[in-house]
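S.K.: One structure, as structure tokens, below. Some questions next.
The values are calculated or read from the model by the stated rules, or taken from the named source; none is laboratory data. All of these numbers come straight from a predicted model, not from anything done at the bench. When we count neighbours, we look across all protein chains shown, and the Cβ atoms used for this are built from the backbone with ideal geometry, even at glycine. Please note that ligands, DNA and RNA were not included when accessible areas were found on the heavy atoms of the full protein model with its side chains. Shrake-Rupley method; radii C 1.70, N 1.55, O 1.52, S 1.80 Å.
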Amino acid sequence: VRPEIVIAPDPPRLAGLAADRFVEVARAAAERRERVSIALAGGRTPLALYRRLSAESLDRLPWTQLHFFWGDERCVPPEHPESNYRAAFETLIAPVAALPRHNVHRILGELVPPPAAAEAYEELLREFFAVPPGTEPTSATFDLVLLGLGPDGHTASLFPGDPAAEERRRWVVAVGKPLVAPRVARVTLTLPALGAADRVFFVVEGIEKRNIVAHVLREAPAAELLYPPARVKPRGAVTWLLDEAAAALLPEEWVRAGRRAASESLGIA
Ligand code: 6PG
């Protein structure tokens, strides 16, 4: 099945659209179960979404039921400017008094060596989701995973050609310094961990990503050989939330459908 594609006119409206979709998924999950688990993305793109959620969605989200995790972390301490935890903490977590602090489950980027941090995070996840080591989950783990896309075709810290993208058993692995900034080791969820989730949103914006968006989305199944994001297959749906610039090289017909999907959500004609 081809993933759902939704195209917003510009980055601010992309953030608004992503916030609305986030709220929708979180609320639906909260009706089904007590704890709603969401893996946050790193990088700069999701920060506008996080600000929207903390500023505008105060009454729209079941905060006490939400549990936040991360898809990946840079191996730096939590107060470091490159920490994915820090970025989400400042924009999403700190401003929301209603979110219990023990609902925040960060990756210990400061733990050395990085494989120890990966192991600790996998243990935390397996305990949270009650999935014994070495076994597969019988139902979905994360209700929602947010992901970004790097211009080289990476997602979370799964880089094209890196063995981490071939991991079949472990949920979390350490990755050596990548070729793209910031050049620090990482800890990342693996494809099996992403595959155990219910929903996945890729949020991607900017003209410099238009090539890679087109490669990842258009050249299926060849894309799967090259790009880890093309192999993210959760139990439920994958949705690509794009701005016009990032969608510029997609087939015209997909773009029209993506705009229609956005205008239905955004309430614009
Ligand atoms: C990270 C990420 C990474 C990110 C992309 C896009 O820790 O760097 O999780 O996968 O999502 O690199 O990053 P930007 O949004 O900054 O372009």
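S.K.: Any idea which residue in the stretch 96-125 is surrounded by the most Cβ atoms within 10 Å (Cβ to Cβ), counting only those that are of a type in the set (A, V, I, L, M, F, W, C) and touching a strand residue (DSSP E or B) at 6+ places or on another chain (Cβ under 6 Å)? Outline the logic, then answer.
M.R.: Restricting attention to the stretch 96-125, the residues satisfying the condition of being of a type in the set (A, V, I, L, M, F, W, C) are 96-99, 104, 107-108, 111-112, 116-118, 120, 124-125.
Now drop any that are not touching a strand residue (DSSP E or B) at 6+ places or on another chain (Cβ under 6 Å), which leaves 104, 107, 117-118.
Values: V104: 18, I107: 29, A117: 22, A118: 27.
The residue in question is I107.
S.K.: Where residues in the stretch 137-153 are near the ligand (Cβ under 9 Å from one of its atoms) and surrounded by 24 or more Cβ atoms within 10 Å (Cβ to Cβ), which of them is farthest from the chain's Cα centre (by Cα)? Working first, answer last.
M.R.: Going residue by residue through the stretch 137-153, those that are near the ligand (Cβ under 9 Å from one of its atoms) are 146-152.
Filter once more, so that each one left must be surrounded by 24 or more Cβ atoms within 10 Å (Cβ to Cβ): 146-147, 149.
Numbers: L146: 2, L147: 2, L149: 9 Å.
Checking each candidate, the answer is L149.
S.K.: Scanning for something of a type in the set (S, T, N, Q), under 17 Å from P78 (Cα atoms) and within 16 Å of the ligand (Cβ to nearest atom), does the stretch 185-195 turn up at least one residue? Before you say what the answer is, go through the steps one by one.
M.R.: Step one: list which residues in the stretch 185-195 are of a type in the set (S, T, N, Q), which gives 188, 190.
So of that shortlist, the ones also under 17 Å from P78 (Cα atoms) come out as 188.
Among the residues that remain, those that are also within 16 Å of the ligand (Cβ to nearest atom) are: 188.
Within the stretch 185-195, one or more residues are of a type in the set (S, T, N, Q), under 17 Å from P78 (Cα atoms) and within 16 Å of the ligand (Cβ to nearest atom).
S.K.: In the list F128, F142, which residue meets the criterion of being in contact with a strand residue (DSSP E or B) (Cβ under 9 Å, 6 or more places away or on another chain), of a type in the set (F, W, Y) and farther than 30 Å from A222 by Cβ? Even if it seems obvious, please write down each step before you answer.
M.R.: Details: F142 fails: farther than 30 Å from A222 by Cβ.
Testing whether each residue is in contact with a strand residue (DSSP E or B) (Cβ under 9 Å, 6 or more places away or on another chain), of a type in the set (F, W, Y) and farther than 30 Å from A222 by Cβ leaves just F128.
S.K.: If I filter the stretch 4-13 for residues that are assigned to a loop (DSSP other than H, G, I, E, B) and within 19 Å of R210 (Cβ to Cβ), do I get at least one hit? Before you say what the answer is, go through the steps one by one.
M.R.: Going through the stretch 4-13, the residues assigned to a loop (DSSP other than H, G, I, E, B) turn out to be 9-10.
Checking the rest, the ones that are also within 19 Å of R210 (Cβ to Cβ) come to 9-10.
Yes.
S.K.: Pairs, please: C-beta under 8 Å, at least 6 apart or cross-chain, first residue under 21 Å from L242 (Cβ atoms) and at pLDDT 95 or above and in the stretch 43-59, second within 16 Å of the ligand (Cβ to nearest atom) and open to solvent by 30 Å² or more (accessible area, probe 1.4 Å)?
M.R.: Close Cβ pairs (under 8 Å, with a partner that is within 16 Å of the ligand (Cβ to nearest atom) and open to solvent by 30 Å² or more (accessible area, probe 1.4 Å)) amount to T45/E205; A48/P11; A48/P12.
S.K.: Here's another thing I want to ask about it. Tally the residues that are over 18 Å from I38 (Cα atoms) and either away from the ligand (no atom under 16 Å from the Cβ) or at pLDDT below 95 (or both), restricting the search to the stretch 71-96.
M.R.: Adding up the residues that qualify gives 1.
S.K.: Taking L250, is it modelled with pLDDT under 95 and under 22 Å from the mean Cα position of the chain (by Cα)? So that I can check it myself, show each step before the final result.
M.R.: Details: modelled with pLDDT under 95: no; under 22 Å from the mean Cα position of the chain (by Cα): yes.
It is false that L250 is modelled with pLDDT under 95 and under 22 Å from the mean Cα position of the chain (by Cα).
For (1) within 18 Å of T190 (Cα to Cα); (2) among the acidic types (D, E), each residue gets a yes or a no:
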position: E79; (1), (2): no, yes
position: N84; (1), (2): yes, no
position: E90; (1), (2): no, yes
position: I93; (1), (2): no, no
position: A97; (1), (2): no, no
position: R106; (1), (2): yes, no
position: Y121; (1), (2): yes, no
position: L125; (1), (2): yes, no
position: F128; (1), (2): yes, no
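S.K.: Separate question: Based on this model, can you work out whether E4 counts as surrounded by fewer than 17 Cβ atoms within 10 Å (Cβ to Cβ) and in contact with a strand residue (DSSP E or B) (Cβ under 9 Å, 6 or more places away or on another chain)? Reasoning before the result, please.
M.R.: Numbers: surrounded by fewer than 17 Cβ atoms within 10 Å (Cβ to Cβ): yes; in contact with a strand residue (DSSP E or B) (Cβ under 9 Å, 6 or more places away or on another chain): yes.
Judged against the criteria, E4 is a match.
S.K.: Of all residues being among the charged types (D, E, K, R) and outside any loop (DSSP other than H, G, I, E, B) in the stretch 126-136, which is most open to solvent (accessible area, probe 1.4 Å)? Just the residue, please.
M.R.: Here is the first cut: in the stretch 126-136, the ones among the charged types (D, E, K, R) are 126-127, 136.
If we keep only those that are outside any loop (DSSP other than H, G, I, E, B) too, we end up with 126-127.
Working: R126: 20, E127: 148 Å².
The residue in question is E127.
S.K.: Which residues, counting only those in the stretch 97-118, are part of a helix (DSSP H, G or I), within 16 Å of the ligand (Cβ to nearest atom) and not hydrophobic (A, V, I, L, M, F, W, C)? Talk me through it step by step, then tell me what you get.
M.R.: The initial filter retains those residues of the stretch 97-118 that are part of a helix (DSSP H, G or I), namely 101-103, 114-118.
Narrowing further to those that are within 16 Å of the ligand (Cβ to nearest atom): 114, 117-118.
Within the stretch 97-118, just P114 meets the criteria.
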